[in-house]
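Visitor: One structure, pasted below without further comment.
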Amino acid sequence: MHSLINKQILLGITGGIAAYKSAELCRLLVKAGAEVRVVMTASACEFITPLTMQALSGNRVHIELLDEEAEAAMGHIELARWADLVLVAPASANFIARLTHGEASDLLTTVCLAATAPLALAPAMNQAMWSNQNTQDNMSALKQKGLHIFGPADGEQACGDIGLGRMLEPSELALLAAGLFQNGAFAGLKVCITAGPTREAIDPVRYISNHSSGKMGYALAQAALEAGAQVSLISGPVNLPPPPHAYLVNVESAEQMLNAVTKEPCDIFIAVAAVADYRPQQIASNKIKKTRESIQLELVKNPDILATIAAQKPKPFCVGFAAETENLKRNALAKLTNKNIDLVIANHATNTFNNDEASVNAYWHKGEKVLTPDRKEKVARELILLIKDLM
Ligand code: C5P
């Protein structure tokens, strides 16, 4: 279930008695670390109250398509774009039919139509409605379009019938949702990632550093874990919870970072850290007093961690980042050659630090790719797939 951490899940609820189980499903998704926003159809509100879903998700429930106030807060297109996964549970026969025909007749069908994220359905209906040829044809069409279908289960139904059509239990649905974020792209591989800034001490209380938040490195660590890798995360000081199951090594200076990295042999090395280029030649043993009008700080170059790892024989697949303020492509390509690495991810230094979103271009020896600007978590997942392709 760790793959649900930080995932943005849009939970759609349609009208069916199984809607009461959606409350538990929402609770389980939130407990697993996901952020959940709920969209309910009008008939779903007959079975379970929006207030219940609001309390459990911690977010206002979306119901109407033409609701001025709701649209002003988060419009339906924004809502569709927000989602990492759209999970409709329960999905009624009526909803399935409308979805199959591409209707945008209410908020939920509209969001499904506009979403680019994967769509998963947990059908729930009477066994005769489920086995009806119309429903079966609709399901085949949706499966062919690549939708994920969770269930239904066999057994006793609320109406007294026995057969296929029960919604899967919330715990099963949560597990299946978590599984959608796992892929075997990096199965059996060891990945080492540097993240965050480094701090170069001047004296016992002062240091040189930069604005790196560590968000991109941590998002890559999470995405690599979801791809099945064993991940070592060598991190400078940041304010982020470490991804569960990553082997976290906290460091401060560039020298400590290099030392930690060399202890982690890997198949893929991703250098995301904003390593300070220079450090004070000497660290004053006592706090420097402000007795003089001006002082000079002698700086010496730090070791280049990425270039050091890329010089190893055999070397891991090496990925570097380039935060540039000008000549993005030229500087990125220069890094590819100068550091002897396999892939450079370039972004504008002015809009990358502490930003939750990333707008990056990837450059390698035989090609380049402009990634769609998105949340760092989504960009990280794209980058993992790109690395897999290039390897
Ligand atoms: O040379 P420059 O700092 O522009 O290169 C950026 C890339 O190199 C990043 O991937 C960064 O993590 C890595 N780097 C490093 N050690 C340094 C400087 C940069 O690993 N001392």
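Just so you know, all these numbers are worked out from the coordinates, no wet-lab data involved. Keep in mind that what you see is a predicted model, and the values were worked out from it rather than measured. When we count neighbours, we look across all protein chains shown, and the Cβ atoms used for this are built from the backbone with ideal geometry, even at glycine.
Visitor: What size of dipole, in debye to the nearest 20, comes out for the chain about its Cα centre when the only charges are +1 on Lys and Arg C-beta atoms and -1 on Asp and Glu C-beta atoms?
Guide: 1580
Visitor: Cross-link partners among aspartates and glutamates for K7, C-alpha distance below 20 Å, same-chain residues fewer than 8 apart left out?
Guide: E24, E35, E78, D84, E172, E226, D356, E357, D374, E377, E382
Visitor: Given a Förster distance of 30 angstrom, what is the FRET efficiency for N132 paired with N59, based on the Cβ-Cβ distance and rounded to 0.05?
Guide: Rounded to the nearest 0.05, the efficiency is 0.25.
Visitor: Separate question: Please report Rg (one decimal) and Dmax (integer) in Å for the Cα set of the chain.
Guide: 25.1, 89
Visitor: Kirkwood hydrodynamic radius of the range 190-390 from all distinct Cα pairs, in Å?
Guide: That comes to 17.4 Å for the range 190-390.
Visitor: Additional query: Among F181, F269, F47, which one moves the most in a GNM of the chain with springs linking Cα atoms closer than 10 Å?
Guide: Looking only at F181, F269, F47, the biggest GNM fluctuation is shown by F47.
Visitor: So, one more: Most fluctuating residue of E326, E264, E252 in a GNM of the chain with Cα springs under 10 Å: which is it?
Guide: Its mean-square fluctuation being the largest, the pick is E326.
Visitor: If packing is taken as the average count of other Cβ atoms within 10 Å, what order do 231-238, 155-162 fall into, highest mean first?
Guide: So the peptides 231-238, 155-162, ranked by packing, come out 231-238, 155-162.
Visitor: Taking 25 Å as the cut-off for C-alpha to C-alpha distance, list the pairs among K215/K290; K215/K287; K21/K215; K215/K329; K313/K376 that go past it.
Guide: K215/K290; K215/K287; K21/K215; K313/K376
Visitor: Using Cβ contacts closer than 10 Å as the measure, can you line up W364, W130 from fewest to most?
Guide: With the sparsest Cβ surroundings first, the list reads W364, W130.
Visitor: Also, I was wondering about something else. Order these by the 10 Å Cβ neighbour count, fewest first: D203, D304, D137.
Guide: The fewest-first ordering by Cβ neighbours comes to D137, D203, D304.
Visitor: Right, something else. Choose one answer from N361, N347, N259: the residue with the largest mean-square fluctuation in a GNM of the chain with alpha-carbon springs under 10 Å.
Guide: Result: N259 has the largest fluctuation of those listed.
Visitor: Which of the peptides 207-214, 15-22 is most tightly packed, and how do the rest follow, going by the mean number of other Cβ atoms within 10 Å of each residue?
Guide: 15-22, 207-214
Visitor: Taking the Cα centre of the range 190-390 as origin, work out the dipole magnitude from +1 charges on Lys and Arg Cβ and -1 charges on Asp and Glu Cβ, in debye rounded to 20.
Guide: So the magnitude is around 260 debye.
Visitor: Still on this structure, I have one more. Using 0.36 nm times the number of residues separating A104 and R27, minus their current alpha carbon distance, what extension gain do you get?
Guide: 24.9 nm
Visitor: Okay, next question. What percent antiparallel are the DSSP beta bridges of the range 8-179, to the nearest 5?
Guide: If I count the DSSP bridges inside the range 8-179, around 20 percent turn out antiparallel.
Visitor: Under 18 Å Cα-Cα from K301, which aspartates and glutamates qualify once same-chain neighbours fewer than 8 residues away are excluded?
Guide: E200, D203, E252, E255, D277
Visitor: Say the dipole of the range 190-390 comes from +1 at the beta carbon of Lys and Arg and -1 at that of Asp and Glu; which of Q256, H348, H365 then lies farthest toward its positive end?
Guide: Highest projection toward the positive end goes to Q256.
Visitor: Quick one: net charge around L168, please, counting Lys, Arg +1 and Asp, Glu -1 for every other residue with C-beta under 15 Å from its C-beta.
Guide: Its environment carries a net charge of -3.
Visitor: When the helix-only estimate is applied to the chain (DSSP H runs of n ≥ 4, each -39,500 (n - 2.57), divided by the residue count), what is the mean residue ellipticity at 222 nm, nearest 500 deg cm²/dmol?
Guide: After summing the helix terms and dividing by residue count, I get -9500 deg cm²/dmol.
Visitor: Got a sec? How would E324, E357, E298 order by Cβ neighbour count within 10 Å, fewest to most?
Guide: Ascending Cβ contact count within 10 Å gives the list E298, E357, E324.
Visitor: Follow-up. How far is it, in nm, from the label point at A334 to the one at T49 when both lie 7 Å from their Cα along the line to the Cβ?
Guide: 6.4
Visitor: For A97 and N327, what is the calculated FRET efficiency with R₀ set at 56 Å and r taken between the beta-carbons, to the nearest 0.05?
Guide: Efficiency, from the Cβ-Cβ distance: 0.55.
Visitor: Efficiency by 1/(1 + (r/R0)^6): what FRET value for K143 and K290, r their Cβ-Cβ distance, R0 = 51 Å, to the nearest 0.05?
Guide: That pair, K143 with K290, gives E of 0.10.
Visitor: In nm², what is the average projected area of the convex hull enclosing the Cα atoms of the range 8-179?
Guide: Dividing the Cα hull surface by four gives the mean projection, 8.8 nm².
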